[in-house]
Amino acid sequence: MTGSEPLTIEEEYEMQQTWRTDDDKCTFIVLAKPLPDNDNNTFDSSRMIGDVNFYLNNVYNPHEAELEVMIAEDGCSGKGVATEVLQLMMHYAVHDVGVTDLVVRIKESNAASIHIFEQKFGFTETERSKAFQEVTLRRTVTDELRAEMKLW
């Protein structure tokens with residue numbers, strides 16, 4: 001999880017109502033992979049385990065996307081789901097939306113998320129806020145990052 005506060009799955013459902021209307025936000029729902037004996041219904045809302053977002057909210061840089069991911073369902077974290085959906089979201093943001101800069105704000109206590117962004121995605125710490133107890137990590141979209149994305 002990035003800088004947002006933990007939400008219950010019910011709160012996640014409530015947040016869905018605004019996602020379709022915000023011009024400065026892109027949200028995808030994260031679904032658990034279907035079980036082999038399931039009917040594989042793509043629209044089965046009981047498979048919802050979280051969401052991944054980016055926000056275009058930097059008035060000084062309209063091409064900067066702030067990423068956020070939340071895997072809210074018990075038993076689904078620590079299995080690479082966040083990494084996989086972040087790869088998809090970053091690819092979409094860069095190649096389809098034209099994002100040139102990526103930023104995340106993560107609670108200082110969330111070592112797992114900091115690890116994902118620093119070690120797996122090459123983000124660098126640029127700020128630390130004692131007031132919010134969070135760390136800001138950034139990565140500029142370069143040819144190197146685009147090449148990495150091809151390997152995802």
### Message
Is it the case, given these coordinates, that Leu88 is open to solvent by 80 Å² or more (accessible area, probe 1.4 Å) and within 18 Å of Lys25 (Cα to Cα)?
### Response
yes
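Give region 72-100 a look and list any residue that's outside any helix (DSSP H, G or I), of a type outside the set (D, E, K, R) and over 13 Å from the mean Cα position of the chain (by Cα), or say none.
Looking only at region 72-100, we keep the residues that are outside any helix (DSSP H, G or I), and these are 72-80, 98-100.
When the remaining residues are screened for being of a type outside the set (D, E, K, R), the result is 72, 75-78, 80, 98-100.
Within region 72-100, Gly75, Cys76, Ser77, Gly78, Gly98, Val99, Thr100 qualify.
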### Task
State all residues of region 101-115 that are part of a helix (DSSP H, G or I) and open to solvent by less than 30 Å² (accessible area, probe 1.4 Å); if no residue qualifies, say none.
Ser113, Ile114
### Message
Kindly evaluate Ile116 against the criterion of being under 21 Å from Val30 (Cβ atoms), in contact with a Gly (Cβ under 9 Å, 6 or more places away or on another chain) and not charged (D, E, K, R).
### Response
no
#### Entry: Glu64 being surrounded by 13 or more Cβ atoms within 10 Å (Cβ to Cβ), over 13 Å from the mean Cα position of the chain (by Cα) and farther than 19 Å from Asp22 by Cα
no
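For region 130-137, state whether one or more residues are farther than 26 Å from Arg47 by Cα, touching a Gly at 6+ places or on another chain (Cβ under 8 Å) and in a helix (DSSP H, G or I).
So far as region 130-137 goes, no, none of its residues is farther than 26 Å from Arg47 by Cα, touching a Gly at 6+ places or on another chain (Cβ under 8 Å) and in a helix (DSSP H, G or I).
The values are calculated or read from the model by the stated rules, or taken from the named source; none is laboratory data. Predicted, not measured: the structure shown is a model, and the values here were computed from it. Methodologically, a virtual Cβ is constructed for each residue, glycine included, from the backbone with ideal geometry; neighbour enumeration extends over all protein chains shown. Heavy atoms of the whole protein, side chains included, go into the accessibility calculation; ligands, DNA and RNA do not. Shrake-Rupley method; radii C 1.70, N 1.55, O 1.52, S 1.80 Å.
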